[in-house]
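The values are calculated or read from the model by the stated rules, or taken from the named source; none is laboratory data. Computed from a predicted structure; not experimentally measured. Don't worry about glycine lacking a Cβ; one is built from the backbone with ideal geometry, like all the others, and counts go over all protein chains shown.
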Amino acid sequence: MSGGPWLPITSARTLRACAEFPARADDVFICSYPKSGTTWCQNLVARILTRSRGDEPAPPESWSHVSEVSPFFEIDPHWDHENEPSSLAANVVENHRRFVRGRRVFNTHLPLALMPRVVDDDNKKQNRLPKIVYVARDGRDCAVSFWHHLKSQSVEDGGFSEGWDTFFESWIEGTIAFGSWFDHLNGWRDASADANVLVLKYEDMLHNLPGTIRAAAEHVDGDRPLTTDELDAITSACTFEAMKGDIDKYQPKSVRWIDDSFSFVRRGVSGSYEKVFSENQKRRFEEKAREKFGGGGLANAPMWRTNDS
């Protein structure tokens, strides 16, 4: 099965269920390589989809954790494998009903090859993706953020107990959880021009959060344009300062943490790798980028391109 390695909470059976899931055209999948801004995007999508709609009020219950709106798609607890075919766990279905009017939203780090396709009214699979929001970030910053994340996570749950230099070796070769950043972006290359796929760049979110939110709203909820007041409210709730101040809504619950001081919403900056990567590691990253993306290296990275900044 493509992709991986995977965390212990993801079994081969769950990966098959993900690939075979009968998606709807209006399902929303927030897709990314880890530490690309996934939770940030989950927050803004959740706030877009839980707005009131004209005379229709907002859903009667407000979500207390972002995973109630967009659960982690490929983890075992979110699936019921008692019957064939496997189905979403009851609490996932119920949360979608309670918080998003039955709209189905997920976050995932799956490669394109394992993503579900839309089925038609006769339950026949089409070669068509549901609504995708793909979040991309400079891989060097992803690596540093992922190291901070995994070294604070229980080893039994897939955490990493070694230092940065050892982590870098695993990360650059794609043997760390969720595999290679380079391969993830390359794997999604064929979907980059798909009308159902919106690509958001972490760096653009930093520099123009309102514009990012408006683009996301047009993509996932295009029938209802954001009002100025809604845009202002969502922007305010999606700043890093606001999210750090309300961290219990965003800290993952699917794994155990060994460092109680670790904040999942850590810094919210671009270029932090400069203080962590050695000169040799910077050179090796550039070499790997040329190997994977062609002669232009990072400038040719699908889904994330330096010349689009």
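Would you mind finding the one in Ser70, Ser36, Ser62 that is part of a loop (DSSP other than H, G, I, E, B), without any contact (Cβ under 8 Å) to a residue 60 or more places away in the chain and under 21 Å from Met205 (Cα atoms)?
Of the residues listed, the single one that is part of a loop (DSSP other than H, G, I, E, B), without any contact (Cβ under 8 Å) to a residue 60 or more places away in the chain and under 21 Å from Met205 (Cα atoms) is Ser70.
Residues to consider are Asp122, Asp138; find the one that is among the acidic types (Asp, Glu) and under 20 Å from Phe293 (Cβ atoms).
None of the others qualify; the one that does is Asp138.
Restricting attention to region 268-276, does a residue exist that is of a type outside the set (Ser, Thr, Tyr), surrounded by 14 or more Cβ atoms within 10 Å (Cβ to Cβ) and at pLDDT 90 or above?
Checked against the condition, which is being of a type outside the set (Ser, Thr, Tyr), surrounded by 14 or more Cβ atoms within 10 Å (Cβ to Cβ) and at pLDDT 90 or above, region 268-276 yields at least one hit.
Restricting attention to region 159-178, which residues are on the phi < 0 side of the Ramachandran plot and part of a loop (DSSP other than H, G, I, E, B)?
If the condition is that a residue be on the phi < 0 side of the Ramachandran plot and part of a loop (DSSP other than H, G, I, E, B), then Gly159, Phe160, Ser161, Glu162, Gly163, Thr175, Ile176, Ala177 are the ones that fit.
Sort out which residues of region 218-242 are touching a Pro at 6+ places or on another chain (Cβ under 7 Å) and among the hydrophobic types (A, V, I, L, M, F, W, C), and write them in order of number.
Leu231
Yes or no: region 166-181 includes at least one residue that is within 18 Å of Pro302 (Cβ to Cβ) and either touching a strand residue (DSSP E or B) at 6+ places or on another chain (Cβ under 8 Å) or surrounded by fewer than 20 Cβ atoms within 10 Å (Cβ to Cβ) (or both).
Yes - at least one qualifying residue is present in region 166-181.
Using the structure shown, decide if His109 is touching a Ser or Thr at 6+ places or on another chain (Cβ under 9 Å), closer than 24 Å to Arg47 by Cβ, touching a residue at least 60 places away in the same chain (Cβ under 8 Å) and crowded, with 20+ Cβ neighbours inside 10 Å.
Yes, satisfied.
What are the pairs with Cβ atoms under 7 angstrom where one residue, in region 163-189, is over 16 Å from Arg290 (Cβ atoms) and without any contact (Cβ under 8 Å) to a residue 12 or more places away in the chain and the other, located anywhere, is assigned to a loop (DSSP other than H, G, I, E, B) and β-branched (Val, Ile, Thr)? Sequence gap at least six, or different chains.
Ser170/Ile176
I'm checking my understanding of the structure. Among residues of region 129-158 that are part of a loop (DSSP other than H, G, I, E, B) and out of contact with any helix residue (DSSP H, G or I) (no Cβ under 9 Å at 6 or more places or on another chain), which one is surrounded by the fewest Cβ atoms within 10 Å (Cβ to Cβ)?
For region 129-158, the residue satisfying everything is Ser154.
Condition first: part of a loop (DSSP other than H, G, I, E, B) and touching a His at 6+ places or on another chain (Cβ under 9 Å). Now tell me which residues in region 74-109 satisfy that.
Once the filter is applied, which keeps residues that are part of a loop (DSSP other than H, G, I, E, B) and touching a His at 6+ places or on another chain (Cβ under 9 Å), region 74-109 yields Glu74, Ala89, Gly102, Arg103, Arg104, His109.
Suppose we filter region 114-128 for residues that are surrounded by fewer than 22 Cβ atoms within 10 Å (Cβ to Cβ) and in contact (Cβ under 8 Å) with a residue 12 or more places away in the chain; how many remain?
Residues meeting the conditions: 8.
Could you list, in sequence order, all residues of region 1-38 that are polar (S, T, N, Q), crowded, with 23+ Cβ neighbours inside 10 Å and out of contact with any strand residue (DSSP E or B) (no Cβ under 8 Å at 6 or more places or on another chain)?
Thr10
Restricting to region 120-172, what's the tally of residues that are β-branched (Val, Ile, Thr) and touching a Cys at 6+ places or on another chain (Cβ under 9 Å)?
Count: 3.
Could you list, in sequence order, the residues of region 92-115 that are on the phi > 0 side of the Ramachandran plot and touching a Leu at 6+ places or on another chain (Cβ under 6 Å)?
Selection gives nothing.
Could you run through region 64-101 and say how many residues are of a type outside the set (Phe, Trp, Tyr), surrounded by 20 or more Cβ atoms within 10 Å (Cβ to Cβ) and at pLDDT below 95?
1
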